[in-house]
Amino acid sequence: DQKIGLFASMLGAATPSERRYLVRLATGQMRLGAGDMTLLDALAEAFLGSKTRRPPLEHAYNISSDIGLVARTLLEEGVAGVLAIPVTLHRPIRPMLTQRVSRISEIPERIGSSIIAVEEKYDGERIQAHKDGDDVTLFSRRLTDVTHQYPDIVEHVRQRVMADTAILDGEAVAFDRDTETYHPFQTLMRRRRKHRIKEVADEIPATYRVFDLLYVDGEPYLRRSYPDRRARLEAALSVDERISSADRILTGDLDGIQDFYITCVERGLEGIVCKSCAEDSFYRAGAREWQWIKWKSDYGTELADTLDLVIVGANAGRGKRAGTYGSVLCAAYNHDEDIFQTVCGMGSGFSDADLADLPRRLVGAKADRQPARVMVTPQAAPDFWFAPAQVVEVLGLEITESPVHTCNWDPERRRGLALRFPRFVRWRDEKNPEAATTTAEITAIFRRRREG
DNA sequence: TCTGCCTGCCC
DNA sequence: ATTCTGC
DNA sequence: GCAGAATGGGCAGGCAGA
C-alpha cells in the first residue's frame, strides 16, 4: 500500500511522457537500446572524444565488473587512472564465454591452435571463487554474490586451494556418489535459496569442478596462456571428491575431439568445451571469442531428437513483437487417450518472416476457449487458443520433469514432461496432428536418458 | 494461514 | 539458455 | 561480428488475496 501510494503520487506529478516511462519501468517494459557496451561507448565519446577509445575502458570494466567505478575513475583520474584499475579480490571478473559452431569439424578450423584441450562441460552453475586467506567469496555467472548458497564450496576452497590468495573459475554441480552420476540441473537449483541452506546442502552436496585460475598469490593470471594457467591451477589444488579440476584431454585433431565428446555424452555430461593452447590463449574476461568453443548434443541435428508438435495456443508478443504472437504453445499427441498434452512454449528460432506468417497459418484453427482434447495446466494457459491442426518441428536439448506441462502427466506427483531450450526448426504442413510425436515417445526418450 | 501468481536469476 | 537482425 | 532484444523451463521466495 505504501508502494502504491508513492507510485500514485509520482504518476500524479509526472507529465504524460514521464508517466509513460514510469509505467514501463514498473511493468518491466522499458527498452533502452543501451547495454553496458553502449554505455562504455558513450563514456569514451564523452570524455575521450570518440568511441574508438573504448578498449581501455572496456578492459577495466571486464576485470572490475563495475561500470560506475570506471566512470568515476575516468572523471577523476583520466585514462591513466582507468588503466591502473587492478584485479581486486572480492570484486568479480566478467567471465569468459564460449563460442558455438554448427558442425563439430569447424572447431579445429576456427580455434587457431594445433594442440586443443577438450574439457568436460558440466550442466551446473558457473561459479567464480575468490580466496583471500580464509575469506572466500563466490560469484555467479551474472556476478551476484552467491557465497551463502554454497557453504560447502566455500569450505573446500578455504581448505584445498594451496595458495594464500586466488581467483578460480569453474562449475558447481551436484554429483551423486552412490550412482556415480551428476544430478540434473533442476536438482542443483534447489540450492538457490535463502532459507534452510544447511539442510539442503547436506541433502544435495555440491562439487566444484574448477577449469581456470585467474589470479594467484597476489598475481593476476589473465594474460598468461591457458596451458600455464591450467598447470598452476593443478599445482594449487589439493584434489578431493568435492573439488577438482575439470577432466580433459589434449588432442591435435578432429577424431580426438569426437572421441572425447562421445565418452562425455555416454557418461551423461552435457557436452565439451574446446580450448586453444596457443601462446595468446589468454583469459579474455567478458569476451566470447574463438579460444573457447562449446559443443553440445543438440547442435548437430543429425543425432538429436527433434519433435513434431502441435500448436494449441499462442501468447501475445511484447516489445518488437507487440501486436503479433510472441510464442506458441506446443503439445504432443497422447494416443491412448486421444488428447493433446503440452510439452513447451516456443518463441525462439522464428525469423521475422516466420513470425509475420504465424497469424495467417493459425487463423483457421482459432478457438474461443480451450479445445476439449487439449490438456493444459493453469500456469501454461495461453492468451489465445487453437484447435490442434498446425504441426511444427521443434529442436531441444533434453526432456525434463515439469510441474507445468502435461505430457505424460502424473496426477499424484502433479508432474509432466517438458522440453528444455525449445526452438523452431520448420513447419510440418504435411503432418496431421495425430501424426505428431506421441507422449509415449517423449516418455521413452526421457527414460532412456535418465536410466542410461 | 494457505494458495496462486509474479519476479529474479540460474541454465 | 537460443536465435535473429540492424549496424 | 557485435550488441541488443525477442523468446524458452524451472526453482525459491515474496506478496496479494482467498
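The values are calculated or read from the model by the stated rules, or taken from the named source; none is laboratory data. Fair warning: this is a prediction, and the values are worked out from it, not measured in the lab. We place every Cβ from the backbone using ideal geometry, glycine too, and count neighbours over all the protein chains shown.
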Test residue A:91 against the criterion of being part of a loop (DSSP other than H, G, I, E, B) and of a type in the set (D, E, K, R), and give yes or no.
yes
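From the list A:129, A:117, exactly one residue is in the same structural domain as residue A:270 (by TED's automatic domain parsing), modelled with pLDDT of 95 or more and touching a Cys at 6+ places or on another chain (Cβ under 8 Å). Which is it?
Among A:129, A:117, only A:117 is in the same structural domain as residue A:270 (by TED's automatic domain parsing), modelled with pLDDT of 95 or more and touching a Cys at 6+ places or on another chain (Cβ under 8 Å).
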Pairs only if they're at least six apart or on different chains, beta carbon under 6 angstrom, first in the range A:36-56 and assigned by TED's automatic domain parsing to the domain that holds residue A:77 and closer than 16 Å to residue A:287 by Cβ, second part of a helix (DSSP H, G or I) and of a type in the set (Asp, Glu); list them, first residue then second.
A:40/A:58; A:54/A:41
Does residue A:169 fit the bill of being assigned to a loop (DSSP other than H, G, I, E, B), out of contact with any helix residue (DSSP H, G or I) (no Cβ under 7 Å at 6 or more places or on another chain) and away from DNA strand D (no atom under 16 Å from the Cβ)?
no
In the range A:7-63, residue nearest to DNA strand D (Cβ to nearest atom) [restricted to those that are at pLDDT 90 or above and part of a loop (DSSP other than H, G, I, E, B)]
A:50
So, of the residues in the range A:301-356 that are hydroxyl-bearing (Ser, Thr, Tyr) and more than 26 Å from the chain's Cα centre (by Cα), which turns out to be nearest to DNA strand C (Cβ to nearest atom)?
A:324
Residues to consider are A:276, A:244, A:281, A:297; find the one that is free of Cβ contacts under 8 Å to residues at least 60 places away in the same chain and surrounded by 14 or more Cβ atoms within 10 Å (Cβ to Cβ).
A:244
Picked from the range A:334-343 (must be in contact (Cβ under 8 Å) with a residue 24 or more places away in the chain, out of contact with any Lys or Arg (no Cβ under 8 Å at 6 or more places or on another chain) and not β-branched (Val, Ile, Thr)), the residue surrounded by the fewest Cβ atoms within 10 Å (Cβ to Cβ) is A:336
Please specify each residue of the range A:357-390 satisfying the condition of being under 14 Å from residue A:329 (Cβ atoms), out of contact with any helix residue (DSSP H, G or I) (no Cβ under 6 Å at 6 or more places or on another chain), touching a residue at least 24 places away in the same chain (Cβ under 8 Å) and not in a loop (DSSP other than H, G, I, E, B).
A:358, A:362, A:365, A:374, A:375, A:379, A:380, A:384, A:385
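Against the definition (out of contact with any Asp or Glu (no Cβ under 8 Å at 6 or more places or on another chain), in a strand (DSSP E or B) and either farther than 18 Å from residue A:47 by Cα or more than 16 Å from DNA strand C (Cβ to nearest atom) (or both)), how does residue A:71 come out, yes or no?
No.
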Do we find that residue A:382 is within 12 Å of DNA strand D (Cβ to nearest atom) and either over 20 Å from residue A:445 (Cα atoms) or aliphatic (A, V, I, L, M) (or both) in this structure?
yes
Tally, over the range A:132-148, of residues that are farther than 18 Å from residue A:198 by Cβ, more than 16 Å from DNA strand C (Cβ to nearest atom) and surrounded by 19 or more Cβ atoms within 10 Å (Cβ to Cβ):
1
Working only within the range A:126-144, note down all residues that are in contact with a Pro (Cβ under 9 Å, 6 or more places away or on another chain) and away from DNA strand D (no atom under 15 Å from the Cβ).
A:128, A:130, A:137, A:139, A:143
When the residues of the range A:397-452 are narrowed to those that are within 16 Å of DNA strand C (Cβ to nearest atom) and among the hydrophobic types (A, V, I, L, M, F, W, C), which ends up surrounded by the most Cβ atoms within 10 Å (Cβ to Cβ)?
A:419
Only one residue in A:280, A:255 is of a type in the set (D, E, K, R) and either touching a Lys or Arg at 6+ places or on another chain (Cβ under 6 Å) or in a helix (DSSP H, G or I) (or both). Which one?
A:255
Of A:326, A:313, the only residue that is in contact (Cβ under 8 Å) with a residue 24 or more places away in the chain and under 16 Å from residue A:422 (Cα atoms) is A:313
The range A:198-217 residues that are not assigned by TED's automatic domain parsing to the domain that holds residue A:152, paired with ones that are part of a strand (DSSP E or B) and surrounded by fewer than 17 Cβ atoms within 10 Å (Cβ to Cβ) (beta carbon under 9 Å, 6 or more apart):
none
So for the range A:348-365 (the condition being at pLDDT 95 or above and within 16 Å of DNA strand B (Cβ to nearest atom)), does at least one residue qualify?
yes
